[in-house]
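Here is the structure we will look at, set down as structure tokens.
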Amino acid sequence: MRRVLPVLAVAAPLIAWSWLRLESGSDAGQAALAVVLALLPVLVPGRRLRAVAVVVALLVVGAVAFDLGPALALPGRVATRFGSGFLEFYDFQVPVDSSAHPRMHGVLLMAVFAFTLVVALGAAACRPAVVVSALVVGVGWPGTLLPGHDLLRGGLLLATILATTLLLRRVPVRGVGTALAAGAVVIAAALFAASSPAFAKRAIFDWQHWDLYTKPEKPVNVSYVWNSSYRGLTFHGKPTTVLRVKASPQSHYWRISVLSGVKDGRWLEELSPAYGDSTVLGEPGFVPARERIVANWEQEHVTIEALHDLRLPGGSVPVRFAPSSQIGRVGYDPSGVAYATSHLSRGDTYDVWAYSPSPRPAQLARSKPVYPSGASSYLEVQPGVFPRLFGQSGRNAYVRYLLTQNPLASQVRPYAGLYGIAERVAGGARSPYAAAVALERWFRSSGGFTYDQHPPAPPAGIPALEDFVTRSRRGYCQQFAGSMALMLRFLGIPSRVAVGFASGRYDQKHGEWVVSDRDAHMWVEVWFRGWGWLPFDPTPGLGGLAGQYSSSSPTFDAGAIAAVLAGKNGLDKFGQGLAGVLGLNGRSRVTSDVPRLDTPPLARGGRAGHRRSWGFLQVIAFALAGAVLFVAALKLAVRSLRFLNRDPRRLAAAGRRDLRGYLLDQGLDVPASVTLRELAGLVESEYQVTSAGFGLYATAARFGPREGSREAARAMRRELRRVRRGIRRELTGLDRVRGLVSLRSLGLGS
């Protein structure tokens, strides 16, 4: 008991905290009772009685967790309620309300009890491996379900593991200072890596998406209202696959429509599909020459799963559709939107060719603000109100006129604050591209925004986008995309809102993208001379295309952007503008209830230019890897220092210590007083490796005449290397790993 109580004192609070984070309104008293009941079986003597005590404690915890009376706490009832509560974790986002989901609350209490019980039993049996395994799983699993406080929990878990390992040692504790120093180095390395952009930050075990149960359901269809509304966004149930697309692994947006009209801040479809054969789509004057080159197109094969819509999705900018016969008659809008006469059905297929250019930032910065006739239609900020195009003289003065003296000024004046911020962030841009990337980066990184699916309602009389930009700065993709497009239009840059889906998850085995209803998304399209419509994504934390031109891209080249902004086509007031674009003034946040979208893979040959936050498991994995490397490096350094001597007597002593330490790391009990002959005999008896030569030469170097000892010492080192190689050949891979991480050769436990 003197071992169990100290271990539980450090382990149980961490386990309970990790699991109870998954709900709101947790009952600390019930969690404490679960911990106490986990301790009781340890007090019972004998294995059989202890097994009975475990079953009794389990039923008592089940009765408390699932609110069952003593007569109803039967194993079957507890198991049934536990099973249903466990499966609810695949249908509801965490944290959950404990009062609204009592069975999920019961599962959490059972988890606290189970992992604490394993820790207690492992501590009572003095099995540190069992305790450490229970801690890693018991703290790591809930950590993957609800990110947050990752570094704190990682550090606490590492400290708890070190503490419990020391508490459960069977031998007197030695070298505590060295162990603490090693732990401090590992924690410091993990903290450094977590804050450094030099390390690739990717998930190791994606436990959040493990689904141990697939509940049979009737096929469902998912439909959307694509016009913006700015109401709260709530997902119900499990993700539903809406379409599959066979395409290249490079990330795509699956565009389904465009919103070109805007009224009172709400973006609306303004489409006029014409029915007939599909030709190359595009508005006259808006299609660059490179978009008409078939070699620049990518063919994609789309299969509808559960999308209930008239529109046909296509990659990025669709330029041609080839629907199958079951879809029937299809109409086409020049903007690249295809309409079917009846709603798409499960199993419908079609081919689409998409144009997805990849210009470099410098190329876009050189794109002149020369626009085709009709470009002003993409500048409308209210019905009948059109700012002047970017680069035209008197643009700023004309916007002020629209806000104050224009007959429709009363409709535009509510957006004066939004326009003022647009001028402050990107008004000094010398090119349309500099303005677009400055605004995009401001929304994603430096503007202090929070991605929130349930943003607060704006005060009465204030438009939603004006309130979002100037006051609340909380919203989801509709607010972000709608605001950026409106700000670009105020700056005279033709833009619109695109709607559809983010990339989804790429299935390497089948070579297709799997897109779910959770991937529904809005982004911004900006027109550039020579390149056409290009996507920009101001929504923080929700992916982006693998193109270097957009700061939301995984391949975003901050250095190239800095060079562009500092050049003649960049921003005025370079220092202030560069800080805003590169996100040096703040950081946007994402609330915990946001469903995680799969990060699109990088385009082949691309580079990751953005930082990703480290998760709990990454910190633990790096800490463990750092610990292994630290121990290996320390042992190598100690071994090298032993042989930095020319005295043959000391070299012989170093050889004895080296071989003894090697055997200690393999778990052999080798007394400190062992002689060279005994050491050689031990090697031969344990590993059948001839070591008489080592013993002979080491003895001669240590005790023989001085004139021959130097040569004997050299021969001893050759024999030592041969003996170590022979031992390694006899070891399994697991034995070698155990020897690598063992601290016994450093005096810990010897």
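The values are calculated or read from the model by the stated rules, or taken from the named source; none is laboratory data. These numbers come from a predicted model, not from an experiment. Positions of Cβ are generated from backbone atoms using ideal geometry, with glycine treated the same way; all protein chains shown enter the neighbour counts. SASA here: full protein model, heavy atoms, side chains in, ligands and nucleic acids out. Shrake-Rupley method; radii C 1.70, N 1.55, O 1.52, S 1.80 Å.
Tabulated values for the structure
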read-out	value
Matching residues in the range 506-521 - criterion: being over 16 Å from Pro313 (Cα atoms) and either in a strand (DSSP E or B) or open to solvent by less than 10 Å² (accessible area, probe 1.4 Å) (or both)	Tyr506, Asp507
Scope the range 281-304; condition assigned to a loop (DSSP other than H, G, I, E, B), within 25 Å of His521 (Cβ to Cβ) and open to solvent by 40 Å² or more (accessible area, probe 1.4 Å); matching residues	Glu283
Extreme residue, most open to solvent (accessible area, probe 1.4 Å), among residues of the range 353-370 that are touching a Lys or Arg at 6+ places or on another chain (Cβ under 7 Å) and either of a type outside the set (Gly, Ala, Ser) or closer than 15 Å to Phe490 by Cβ (or both)	Lys368
Pairs with Cβ under 6 Å, 6+ apart, first in the range 512-534 and closer than 22 Å to Tyr224 by Cβ, second surrounded by fewer than 23 Cβ atoms within 10 Å (Cβ to Cβ) and acidic (Asp, Glu)	Val514/Asp507
Test: residue in the range 329-338 that is over 18 Å from Pro432 (Cβ atoms), of a type in the set (Phe, Trp, Tyr), open to solvent by less than 30 Å² (accessible area, probe 1.4 Å) and within 31 Å of the chain's Cα centre (by Cα)	no
Those residues of the range 465-504 which are surrounded by 23 or more Cβ atoms within 10 Å (Cβ to Cβ), of a type in the set (Gly, Ala, Ser) and more than 23 Å from the chain's Cα centre (by Cα), in sequence order	Gly482, Ser483, Ala485, Gly492, Ser495, Ala498
Test for Val136: is it within 18 Å of Thr164 (Cα to Cα), modelled with pLDDT of 85 or more, in contact with a Gly (Cβ under 9 Å, 6 or more places away or on another chain) and open to solvent by 40 Å² or more (accessible area, probe 1.4 Å)	no
Sole exception among (1) over 16 Å from Trp513 (Cα atoms); (2) of a type in the set (Val, Ile, Thr); (3) assigned to a strand (DSSP E or B) for Ile327, by number	(3)
Residue tally, condition of a type in the set (Gly, Ala, Ser), open to solvent by less than 60 Å² (accessible area, probe 1.4 Å), outside any loop (DSSP other than H, G, I, E, B) and more than 17 Å from Ala159 (Cα to Cα), over the range 1-46	6
Total residues in the range 371-397, condition under 13 Å from Arg489 (Cα atoms), assigned to a helix (DSSP H, G or I) and either in contact with a Ser or Thr (Cβ under 7 Å, 6 or more places away or on another chain) or open to solvent by 40 Å² or more (accessible area, probe 1.4 Å) (or both)	4
Selected residue [modelled with pLDDT of 85 or more and either farther than 29 Å from Ala163 by Cβ or over 29 Å from the mean Cα position of the chain (by Cα) (or both)] from Ala120, Ala71	Ala120
So Leu740, is it open to solvent by 20 Å² or more (accessible area, probe 1.4 Å), within 16 Å of Arg660 (Cα to Cα) and not small (Gly, Ala, Ser)	yes
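Per-residue answers, yes or no, for (1) of a type outside the set (A, V, I, L, M, F, W, C); (2) modelled with pLDDT of 90 or more; (3) part of a helix (DSSP H, G or I); (4) in contact with a Phe, Trp or Tyr (Cβ under 8 Å, 6 or more places away or on another chain):
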residue: Gln411; (1), (2), (3), (4): yes, yes, yes, no
residue: Tyr415; (1), (2), (3), (4): yes, yes, yes, yes
residue: Gly420; (1), (2), (3), (4): yes, yes, yes, no
residue: Tyr433; (1), (2), (3), (4): yes, yes, yes, yes
residue: Ala438; (1), (2), (3), (4): no, yes, yes, no
residue: Gln453; (1), (2), (3), (4): yes, no, no, yes
residue: Pro459; (1), (2), (3), (4): yes, yes, no, no
residue: Gly482; (1), (2), (3), (4): yes, yes, yes, yes
residue: Leu486; (1), (2), (3), (4): no, yes, yes, yes
